[in-house]
Amino acid sequence: MAVKSGSIALPVLLGSDGGRALTAPEFHRLADVPPESSWFANLDSEQTRRAYQNDLRAFMTFAGISASGEFRLVTRAHVLAWRAELERQALSGASIRRKLAALSSLFEYLCEVNSVAINPVKGVKRPKVDTTEGKTPAIGDHQARALLDAPDAETLKGKRDRAILSVFLFHGLRRDELCKLTVGDVVERRGVNHLKVQGKGGKLRYVPLHPQTAGCLNAYLQASGHAAQRDSPLFRPMINNRVGHTETALTVDGVYAIVTGYGQQVGIAAERFAPHALRATAATNALDHQADIAKVQAWLGHASIATTRIYDRRTTRPEDSPTFKVSY
């Protein structure tokens, strides 16, 4: 069924009973949703939403914006003044680029839906960032071994934490990817166990399970008692050294605390050490041991091989420096 508007046929959405799917009040309430909210809801990644939310809140505070309609009053002068303020705060070039990208993304959407005429961020110069090497530190092999041995193998928490560290260091997962794993995401493919990983943008990939990680996961699940609960989160919070009875997964903040805590325990002093450093370590280690870079790209779930090259530090390995060739 359609309603004629001039020569254009407009479809009418009907409910299952043949009536309107939306009541008139519901229709008008949805029509009143500001486009800024629609843009934010369309961001797929929870991590991106959280980062962009903080960035936009910072801009709104700086510009004195208290209502969504005031975005229509923003000019390039406001953006330039904000960039100058971010530089005054001595933020890194990468941080400033991301904040400007968040604001630009919003205005691009507002232009698409005809809420504003121009994107005031377009043309604003962004700081240069050296992308030839990643800023996230990759730790050394001896530090990785120390991390894997740090959790107490006799306790349930220790078994869980060993499995978490092993998944990071042998498979290069992102923090949110690890948190999304369920017990049923350990699957067999062509006779080999794999991790079924939900990556960025909902992209699915299968990562072969390393034998050491398989042993850690088996020890943890046997001790936790939820090995048969296929839909249950794989890594769950601890309550008095017991897996919580709720079906909640370990949070990204919880994983951060676990990794950084063991890092401090074994004396890792690398700046910005966090779970992403374990992903960088896995990628760097694989490339150091002659893994094909295109396969590493797929393994990490990178959309572009340029991102994978950031982890290729084979030309800057300290052990290959002429320093260690000098002999007196």
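No lab work stands behind these numbers, since they all come straight from the coordinates. Nothing here was measured: the structure is a model prediction, and the numbers come from that model. Cβ atoms come from the backbone with ideal geometry, glycine included; neighbour counts cover every protein chain shown.
Please give me the summed charge of the neighbours of His78: other residues whose Cβ is under 11 Å from its Cβ, Lys and Arg +1, Asp and Glu -1. Write down the numbers at each step before the final one.
Details: positive: Arg76, Arg83; negative: Glu70, Glu85.
Here the count lands on 0.
How many percent of Cα pairs in the range 33-129 exceed 23 Å?
Details: 890 of 4656 pairs.
Every Cα pair in the range 33-129 considered, those over 23 Å come to 19 percent.
At a Förster distance of 35 Å, what's the computed FRET efficiency of Phe324 paired with Gln264, Cβ-Cβ distance as r, to 0.05? It would help to have the intermediate numbers written out before the result.
Details: r = 29 Å, r/R0 = 0.84.
Once rounded, the FRET efficiency stands at 0.75.
With +1 on each Lys and Arg Cβ and -1 on each Asp and Glu Cβ, how big is the dipole of the range 141-313 about its Cα centre, in debye rounded to the nearest 20?
On the way: 22 positive and 16 negative charges, 84 e Å.
It comes to approximately 400 debye.
Please compute P(r) over all alpha-carbon pairs of the range 54-200, binned at 10 Å starting from zero, and give each bin as a whole-number percent.
9, 25, 21, 20, 18, 7, 0
Is the range 162-206 best put as rounded, prolate or oblate by its Cα gyration tensor, with a ≥ b ≥ c the root eigenvalues, rounded for a/c under 1.5, and otherwise prolate when a/b is larger than b/c, oblate when not? It would help to have the intermediate numbers written out before the result.
On the way: a/c = 1.73, a/b = 1.11, b/c = 1.55.
Oblate.
Counting other beta carbons within 10 Å of each residue's own, what order do His210, His171 fall into, fewest first?
Final ranking by Cβ density, sparse to dense: His210, His171.
Setting aside same-chain residues fewer than 8 positions from Lys200, which lysines have a Cα under 16 Å from its Cα?
Lys180
Rounded to the nearest 0.05, what FRET efficiency is calculated for Ala228 and Ala257 with R0 set to 41 Å and r the Cβ-Cβ distance? The partial results should precede the final answer.
On the way: r = 29 Å, r/R0 = 0.70.
In this case the efficiency is close to 0.90.
Once you order the gyration tensor axes a ≥ b ≥ c over the Cα atoms, which shape class does the range 141-313 get: rounded for a/c under 1.5, otherwise prolate or oblate by comparing a/b with b/c? Don't jump to the answer; show the numbers that get you there.
Numbers: a/c = 1.72, a/b = 1.24, b/c = 1.39.
Judged from the Cα gyration tensor, the range 141-313 comes out oblate (a/c at least 1.5, b/c at or above a/b).
Which value, in Å to one decimal place, does the Kirkwood hydrodynamic radius take for the range 69-112 when every pair of different Cα atoms is included?
Numbers: mean 1/r = 0.0893 Å⁻¹.
About 11.2 Å for the range 69-112.
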